[in-house]
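Read the structure below first, then the notes.
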Amino acid sequence: MLKTLSKICRAGIASEPAPVSDDALRVVDTLQHRIRDILGRALCIRHVDAGSCNGCELEIHALGNPVYNIEGLGIKFVASPRHADLLLVTGPVSRHMEVALRRTYDATPDPKLVVAIGDCGCTGGVFGENYASVGRVAKVIPVNVAVPGCPPSPNRILAGILTAISPPGTK
């Protein structure tokens, strides 16, 4: 052990110098600043399950885990559409949820955004239109951004949310 320690002392620290910090890598700070510039506060999302199989919900719940940490970005989920800026809608709209989805949309204050999640929300998916389903979300309420996938990954969902709040022509 002493032999190893003496060798370390003679050789010194054998590593590269620390890299210079880069402000472009401060993604969280930049994103929080952009959200506050656009909205003046945190982005509040109301999630509506209009008749999905819950595959998309599992991916949406993953946004809250330590890997994605959506609340750390200044984005939070709220229980009431009256406090929401954005509606996140999953599933094909079942006939029983059609009125509830319209009421939720009407209760959300202007300006409001709608993001349809998953193949079912975007196109009706495997369920399509039938006796129990109206089909895609856009048949019931206007949709700003559609995020396809069955289910889409949390990264794609987050990208859809950020696309919805970004002014046209920006990245």
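Looking at this structure, is Leu87 surrounded by 13 or more Cβ atoms within 10 Å (Cβ to Cβ) and either touching a Ser or Thr at 6+ places or on another chain (Cβ under 9 Å) or part of a loop (DSSP other than H, G, I, E, B) (or both)?
Yes.
Can you find a residue in the range 105-115 that is touching a Ser or Thr at 6+ places or on another chain (Cβ under 7 Å) and touching a residue at least 12 places away in the same chain (Cβ under 8 Å)?
There is no residue in the range 105-115 that is touching a Ser or Thr at 6+ places or on another chain (Cβ under 7 Å) and touching a residue at least 12 places away in the same chain (Cβ under 8 Å).
For residues that are more than 20 Å from Glu57 (Cβ to Cβ) and assigned to a loop (DSSP other than H, G, I, E, B), tally how many sit in the range 104-119.
So the answer is 4.
Taking the condition at pLDDT 90 or above, surrounded by 17 or more Cβ atoms within 10 Å (Cβ to Cβ), of a type in the set (Val, Ile, Thr) and under 16 Å from the mean Cα position of the chain (by Cα), does Val78 pass?
In short, no.
Examine the range 120-138 for a residue that is assigned to a helix (DSSP H, G or I), modelled with pLDDT under 90, under 15 Å from the mean Cα position of the chain (by Cα) and not aliphatic (A, V, I, L, M), and state whether such a residue exists.
yes
All but one of (1) touching a Ser or Thr at 6+ places or on another chain (Cβ under 6 Å); (2) of a type outside the set (A, V, I, L, M); (3) under 15 Å from Gly51 (Cα atoms) hold for Pro81; which doesn't?
Looking at each condition in turn, Pro81 falls short on (3).
Since Leu101 meets every condition but one in (1) assigned to a loop (DSSP other than H, G, I, E, B); (2) more than 16 Å from Ser153 (Cβ to Cβ), which condition does it not meet?
(1)
Only one of Cys53, Cys44 is touching a helix residue (DSSP H, G or I) at 6+ places or on another chain (Cβ under 7 Å) and not in a helix (DSSP H, G or I). Can you tell me which?
Checking each option against the conditions leaves just Cys44.
The values are calculated or read from the model by the stated rules, or taken from the named source; none is laboratory data. From a predicted model like this one, the values you see are computed outputs, not experimental measurements. Using ideal geometry, Cβ is built from the backbone for each residue, glycine included, and neighbour counts are taken over all protein chains shown.
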